[in-house]
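As structure tokens, the structure follows; a few thoughts come after it.
The values are calculated or read from the model by the stated rules, or taken from the named source; none is laboratory data. Predicted, not measured: the structure shown is a model, and the values here were computed from it. For neighbour counting, all protein chains shown are included, and Cβ atoms are generated from backbone atoms with ideal geometry for every residue, glycine included. With ligands, DNA and RNA removed, areas are computed over all heavy atoms of the protein, side chains included. Shrake-Rupley method; radii C 1.70, N 1.55, O 1.52, S 1.80 Å.
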2 protein chains.
Amino acid sequence: MASAQPRFGSSSVDYTSRPFQGRMLGTGLRSHPCAGGTAGSVTYLYSESKLVEVERGAAMRVDVSLVPGEVAAKDVQNAVVVVIDVLRASSTITTALANSCEEVIPAESIEEAITIASGYARLDYVLGGERRGLAVDGFDLGNSPYEYSESKVAGKKVILATTNGTLAVKRYGGAKEIVIGCFLNADAVLRSLAAWRDHDVILLCAGQDERFCIEDALCAGLYASGLAQTPGAALSDSARAAAAMHERCKDSIEDALMGSDHGVYLASVGFGDDVRYCARQSVLDVVPKVYDRRVIRKARLGPEES
Amino acid sequence: MASAQPRFGSSSVDYTSRPFQGRMLGTGLRSHPCAGGTAGSVTYLYSESKLVEVERGAAMRVDVSLVPGEVAAKDVQNAVVVVIDVLRASSTITTALANSCEEVIPAESIEEAITIASGYARLDYVLGGERRGLAVDGFDLGNSPYEYSESKVAGKKVILATTNGTLAVKRYGGAKEIVIGCFLNADAVLRSLAAWRDHDVILLCAGQDERFCIEDALCAGLYASGLAQTPGAALSDSARAAAAMHERCKDSIEDALMGSDHGVYLASVGFGDDVRYCARQSVLDVVPKVYDRRVIRKARLGPEES
């Protein structure tokens, strides 16, 4: 029944501030009753046969893709993208970079990781990954962040088999910048994002098997709540929803992760400590940044060359 | 990085209670720290090359599709499905049936509605729908629930052009039963669902243009919170997330709807009263039920023939 109403991420939304020619439909005030944050005024027009939303005074639009693929790749071109895979890819990559690995090279599969490794000298890399929760022959490490200690990874390339995050990095390669976020590095990522005013921020929940994961949404909600404090920030429905979810659970994040579908599974196969570790907030001052399909430690916060 | 871990709605999950042959991986306790509800124990095994989750003591599994298409049609076959399109299809259909219309025939488009109408005598039906928020030539009513008063619809068929809800009804035609839910009839739907123990309940957020809508998720969260009180209910990640979101916003549902992307739009084009009306909770004692692609008023709660 709903008519073609514009929203963040929709192809019918044009966020540029140039003047519009068109029939004005109405003007509304956007507020965030459950999520905090600022309110902006929004005007709807028809222009060149499409419905156009003109949001005034919004210097940073914050959107969340709650389910893999919800945001189309074409909609990230002026955006900074944060890929969130709390259990455990984002947390492991962040930990490895904090422990001074040179870079992380994500691979979509065990096989692709082996192919990538064949291009390097054996002493220059460590190979990480699991097959259905079990160690893989010839691999140095599994998927647990605890394994990526300084003594194991410092100065080396980490070639990491990790399906969800790798797919997201490939899908959204056209973004202004892609960084990796989790609870561990929340403050660092938020400080980095604050420097990207006048850009959209899209928080991508990596999910699992194309479905929603609560741990990724809670982390996106933490970020959305933080960004809502930026003057002129405007949150989409999904950003407000994630923020509300996080507000409700913020005093029991560890319990929420231990009670999540994937957390229950990981604990059942002996990785309960991993889940508790991944629930720790802002303990690592590292922003992993995707550069040429590798993940490196961002040298300084905000926009930077390369 | 995550391995193939089972979850509600995944094709690798087998919820039958027959004994499994397979390698046991582990056992976990599932709880709902932010959403209330009961906890169940869950066991993971490999059987016939796939990972299988055996949840014990869960008499009703509750899942939420937060984004259109997130739950595959094949996964609803043993499920009762609630289609939720708060602004405004679900609310309008519920209102029309409460005002004694004979049945609602949903159509995917204005054109399909006209085709359906051509099969009936002019006095037997009213034709409802809008094109981009504007009245349609030859149509009796728009999309506002306020228009579906007893004097307009009593004893008649309502042929209603409504894209999102109609697509959901077609996509999930294989379900045990499909009912229409919104805030207006929440108590009635919950009482009806309570009679479906030993079935899965899937709450489908209709969304907008294939994207998430907060008003549908909040309503799904209200339902999920209610169902969580059922002994033996087990909530998926998305059901817990929707419940947490609703818990956070439950004292300001009208504000949340007025602040939603679609609510802001509707208010800007003069339908603010519709949004406020759709936020009213449990004021109509009607459960609309899909039967043979029409929507009728459910005669009694719980499982019934046809």
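General observations
- With a 10 Å cut-off around each Cβ of A:139-147, the average count of Cβ atoms from other chains is 1.
- Distance in nm between pseudo-label sites at A:SER149 and B:SER118 (7 Å out along the Cβ direction from Cα): 7.6 nm
- In nanometres and ascending order, the distances from the A:VAL283 label point to those of the other copies are 5.0 (point 7 Å from Cα along Cα→Cβ).
- Selection from A:THR92, A:LEU127, A:TYR291 lying farthest towards where the dipole of the range A:58-300 points positive, charges on Cβ: A:TYR291
- Take each residue of peptide A:263-275, count the partner chain Cβ atoms within 10 Å of its Cβ, and average: the result is 5.
- Residue-count net charge about A:CYS101 - beta-carbon cut-off 13 Å; Lys, Arg +1, Asp, Glu -1: -1
- Considering only A:GLY69, A:PHE212, A:VAL158, and ranking their Cα positions along the charge dipole of the range A:58-300 that arises from unit charges at the beta-carbon of Lys, Arg, Asp and Glu, the one farthest toward the positive end is A:VAL158.
- Straight-line cross-link partners of B:LYS176 among the lysines, defined as a Cα under 24 Å from its Cα and at least 8 positions apart when in the same chain: B:LYS74, B:LYS289, B:LYS298.
- Per-peptide average of other Cβ atoms within 10 Å, ordering A:127-138, A:262-273 highest first: A:262-273, A:127-138
- When A:GLY270 is represented by a point 7 angstrom out along its Cα-to-C-beta vector, the spacings to that point in the other copies are 6.8 nm, nearest first.
- With all protein chains modelled, accessible area of A:ILE296 [1.4 Å, Å²]: 40 Å²
- Euclidean distance of C-alpha centroids, the range A:255-286 and the range B:230-245, integer Å: 19 Å
- The Cβ shell under 14 Å around A:ASP187 holds other residues with a net charge of +2, Lys and Arg each +1, Asp and Glu each -1.
- Label distances, nm, B:SER252 versus same residue in remaining copies, Cβ-directed 7 Å point: 2.2
- Ligands, DNA and RNA excluded, the heavy atoms of A:GLU102 present near 100 Å² of accessible surface to a 1.4 Å solvent probe.
- Between the beta carbons of B:ASP292 and A:LYS170, assuming R0 = 60 Å, the FRET efficiency works out to 0.85 to the nearest 0.05.
- Other residues within the sphere of radius under 11 Å centred on the Cβ of A:GLY142, judged by their own Cβ, net out at -2 (K and R +1, D and E -1).
- Shielding by partners, peptide A:61-74 (average Cβ within 10 angstrom, other chains): 3
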